[in-house]
Amino acid sequence: QVHLVESGGGLAQAGGSLRLSCVVSGSIFRPNAMGWYRQAPGKQRELVATITSGGTTNYADSVKGRFTISRDNAKNTVYLQMNSLKPEDTTVYYCNVVLGIYTYWGQGTQVTVSS
């Protein structure tokens, strides 16, 4: 059974940084795409950043130049380095991985940015 365990959320001041991590366990296969999404209360879940198995990245316009996604295939881990945080980045962040035809989600980690 595949499990995604996220860590690294918390409280930061505006202009500060946080680093999210997501470890994938229970799979013998390397994930295809890995990524981060976020969802504010009452809103749809939105893409933050994704990275393919080959290292191609994609970012939401709102985080370009501030956030960096990376992955360690040996550790089955995806990271999201978040710099220059803004109060509007406050919400729950979800890890997402694609394994074959299946998509898995983490439980979510709260990021709060104070002004």
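Looking only at segment 18-40, how many residues end up being in contact (Cβ under 8 Å) with a residue 12 or more places away in the chain, open to solvent by 40 Å² or more (accessible area, probe 1.4 Å) and part of a loop (DSSP other than H, G, I, E, B)? I'd like the intermediate steps shown before the answer.
Of all residues in segment 18-40, those in contact (Cβ under 8 Å) with a residue 12 or more places away in the chain come to 18-27, 29-40.
Checking which are open to solvent by 40 Å² or more (accessible area, probe 1.4 Å) leaves us with 19, 23, 25-26, 29-30, 32, 37, 39.
With the extra rule that they be part of a loop (DSSP other than H, G, I, E, B), the set shrinks to 26, 29-30, 32.
Total satisfying the criteria: 4.
Would you mind finding the one in Gly55, Gly26, Gly10, Gly100 that is under 30 Å from Ser115 (Cα atoms) and not basic (Lys, Arg)? Spell out the reasoning first.
Working: Gly55 fails: under 30 Å from Ser115 (Cα atoms); Gly26 fails: under 30 Å from Ser115 (Cα atoms); Gly100 fails: under 30 Å from Ser115 (Cα atoms).
The match here is Gly10.
Kindly indicate the residue of segment 3-17 that is aliphatic (A, V, I, L, M) and open to solvent by less than 30 Å² (accessible area, probe 1.4 Å) and also nearest to Ile69 (Cα to Cα) among those meeting that condition. Explain how you work it out, then say what you get.
Within segment 3-17, the subset aliphatic (A, V, I, L, M) is 4-5, 11-12, 14.
Next, only the ones that are open to solvent by less than 30 Å² (accessible area, probe 1.4 Å) stay: 4, 12.
Values: Leu4: 16, Ala12: 19 Å.
Across segment 3-17, the extreme among qualifying residues is Leu4.
Identify, please: which residue in segment 9-27 is of a type in the set (Gly, Ala, Ser) and modelled with pLDDT of 95 or more and is, among those, nearest to Val92 (Cα to Cα)?
First pass over segment 9-27, keeping only residues of a type in the set (Gly, Ala, Ser): 9-10, 12, 14-17, 21, 25-27.
Checking the rest, the ones that are also modelled with pLDDT of 95 or more come to 10, 12, 14-17, 21.
Working: Gly10: 10, Ala12: 14, Ala14: 17, Gly15: 18, Gly16: 17, Ser17: 16, Ser21: 14 Å.
Checked segment 9-27; the qualifying residue nearest to Val92 (Cα to Cα) is Gly10.
Condition (residue is surrounded by 15 or more Cβ atoms within 10 Å (Cβ to Cβ), of a type in the set (Ser, Thr, Tyr) and outside any strand (DSSP E or B)) applied to segment 89-108: is it met by at least one residue? Even if it seems obvious, please write down each step before you answer.
Within segment 89-108, the subset surrounded by 15 or more Cβ atoms within 10 Å (Cβ to Cβ) is 89-99, 104, 106, 108.
Of the ones still in play, those that are also of a type in the set (Ser, Thr, Tyr) are 90-91, 93-94, 104.
This time we only want the ones that are outside any strand (DSSP E or B), so: 90.
Taking every residue of segment 89-108 in turn, at least one turns out to be surrounded by 15 or more Cβ atoms within 10 Å (Cβ to Cβ), of a type in the set (Ser, Thr, Tyr) and outside any strand (DSSP E or B).
Which of the numbered conditions does Arg30 fail, given that it passes all the others? Conditions: (1) modelled with pLDDT of 95 or more; (2) farther than 17 Å from Val5 by Cβ; (3) of a type in the set (D, E, K, R).
Failing condition for Arg30: (1).
The values are calculated or read from the model by the stated rules, or taken from the named source; none is laboratory data. Model, not experiment: these values are computed from the prediction. Heads up, the Cβs are rebuilt from the backbone with ideal geometry, glycines too, and the neighbour counts pull from every protein chain shown. Just the protein is used for accessible areas: all its heavy atoms, side chains included, with ligands, DNA and RNA removed. Shrake-Rupley method; radii C 1.70, N 1.55, O 1.52, S 1.80 Å.
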